[in-house]
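My questions all concern the structure below.
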Amino acid sequence: MKPLIDLHTHTIVSGHAYSTLKENIEMAKKRGILIYGSSEHAKMMPGTTHEIYFTNFKVVPDEIDGVRILNGIEANIYNINGDIDVDEKLYQKLDYIIASLHSTTFEDQGIEKNTEAVINAIKNPNVKIIGHPDDDRYPLDIDKVAKAAYENKTALEMNNGSLNPKSTRKNGAANIEKMLEACKKYGTMVIMGTDSHICYEVGDFEASLKLLEKVDFPEEQIINFDTDRISYILEK
Ligand SMILES: [Zn+2]
Ligand SMILES: [Zn+2]
């Protein structure tokens with residue numbers, strides 16, 4: 001199966017990424033991606049863009065060179081209530097929200113409280129994807145997370161960046177395997193994301209595809225393999 005969707009990408013706007021939107025979309029096209037989403041970091045991430053960036057998406061075409069363009073954001077979960085740093089007035093301007101734990105905005109509070117934070121974010125009807133729930137710097141009870149994600153129609157992300165040996169995340173590969181087992185058990189939808197911080201990564205899911213094969217994960221639970229499955233994200 002071929003991935004057709006990449007919704008987790010960053011550009012220079014995020015402050016610690018190195019390509020432009022145009023470069024990313026060109027690479028997406030080259031790699032056969034049919035739906036490209038930009039997901040710059042939300043305001044609490046040091047060095048990222050101002051909120052006003054997310055209010056002007058009207059200038060971004062819906063389609064570029066045959067690639068459908070979606071406009072998202074990667075929000076920071078910053079407390080155990082699962083609150084995210086996106087103002088409600090922005091919700092209507094965004095096609096989707098990825099909510100993630102980041103070391104700059106969330107301090108490890110132990111497995112129980114970390115899990116509570118993520119489950120509360122899952123319950124937010126505006127959060128469509130939980131980004132990289134695979135990092136032992138803030139351990140999670142992934143079984144509980146996968147169950148809550150299933151019940152609330154939130155997708156869990158299989159983050160290709162976490163499989164990069166250079167990643168600062170801890171035990172990414174082992175945790176993703178556990179996540180996939182839990183998602184299989186509950187029927188939770190999974191979305192692969194490259195988490196690109198440079199254009200060369202856009203649409204490159206090689207490491208994720210290898211792992212999917214290894215654990216024999218059901219194809220129909222992966223959003224990226226069928227463009228119609230984007231409705232799971234857009235219609236939550
Ligand atoms: Zn980043
Ligand atoms: Zn992230």
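With the requirement that a residue be open to solvent by 40 Å² or more (accessible area, probe 1.4 Å), within 18 Å of Thr115 (Cβ to Cβ) and away from ligand 2 (no atom under 16 Å from the Cβ), what does the range 62-79 give you?
none
A further question on this structure: Could you go through the range 168-188 and let me know if any residue there is over 23 Å from Gln109 (Cα atoms), of a type in the set (A, V, I, L, M) and in contact (Cβ under 8 Å) with a residue 40 or more places away in the chain.
no
Got a sec? Which of Ser231, Ser196, Ser167 is out of contact with any His (no Cβ under 8 Å at 6 or more places or on another chain) and within 16 Å of ligand 1 (Cβ to nearest atom)?
Step by step, each of Ser231, Ser196, Ser167 is checked, and only Ser167 is out of contact with any His (no Cβ under 8 Å at 6 or more places or on another chain) and within 16 Å of ligand 1 (Cβ to nearest atom).
Does the range 70-100 hold any residues that are hydroxyl-bearing (Ser, Thr, Tyr) and modelled with pLDDT of 95 or more, and which are they?
Across the range 70-100, the qualifying residues are Tyr78, Tyr96, Ser100.
Enumerate the pairs (first residue in the range 119-138 and among the aromatic types (Phe, Trp, Tyr); second residue anywhere and within 16 Å of ligand 2 (Cβ to nearest atom) and outside any loop (DSSP other than H, G, I, E, B)) with beta-carbon separation below 6 Å, excluding pairs fewer than 6 apart on the same chain, so at least 6 apart or on different chains.
That search, which allows pairs on different chains as well, returns Tyr138/Asn114.
I need every pair where a residue in the range 57-75 that is touching a residue at least 40 places away in the same chain (Cβ under 8 Å) and under 25 Å from Lys43 (Cβ atoms) has its Cβ under 7 Å from the Cβ of a residue that is within 16 Å of ligand 2 (Cβ to nearest atom) and of a type in the set (Asp, Glu), sequence separation at least 6 or different chains.
What qualifies is Glu74/Glu40; Ala75/Asp85.
Oh, and also: Here is a check on your reading of the model: is Tyr138 open to solvent by less than 30 Å² (accessible area, probe 1.4 Å) and of a type outside the set (S, T, N, Q)?
So Tyr138 passes the test.
A further question on this structure: Sort through Ile230, Ile191 and tell me the only one that's of a type in the set (A, V, I, L, M) and in a helix (DSSP H, G or I).
Ile230
Looking for something over 26 Å from Phe57 (Cβ atoms), within 16 Å of ligand 2 (Cβ to nearest atom) and within 17 Å of the chain's Cα centre (by Cα) - is there at least one such residue anywhere in the range 118-130?
Yes.
How about the range 102-135: which of its residues are open to solvent by 10 Å² or more (accessible area, probe 1.4 Å), under 27 Å from Arg229 (Cα atoms) and among the hydrophobic types (A, V, I, L, M, F, W, C)?
Residue satisfying the conditions is Ile119 alone.
The values are calculated or read from the model by the stated rules, or taken from the named source; none is laboratory data. Every value quoted in this text rests on a predicted model; they were computed, and no experiment measured them. No Cβ is skipped: glycine too gets one built from the backbone with ideal geometry, and neighbour counts run over all protein chains shown. Please note that ligands, DNA and RNA were not included when accessible areas were found on the heavy atoms of the full protein model with its side chains. Shrake-Rupley method; radii C 1.70, N 1.55, O 1.52, S 1.80 Å.
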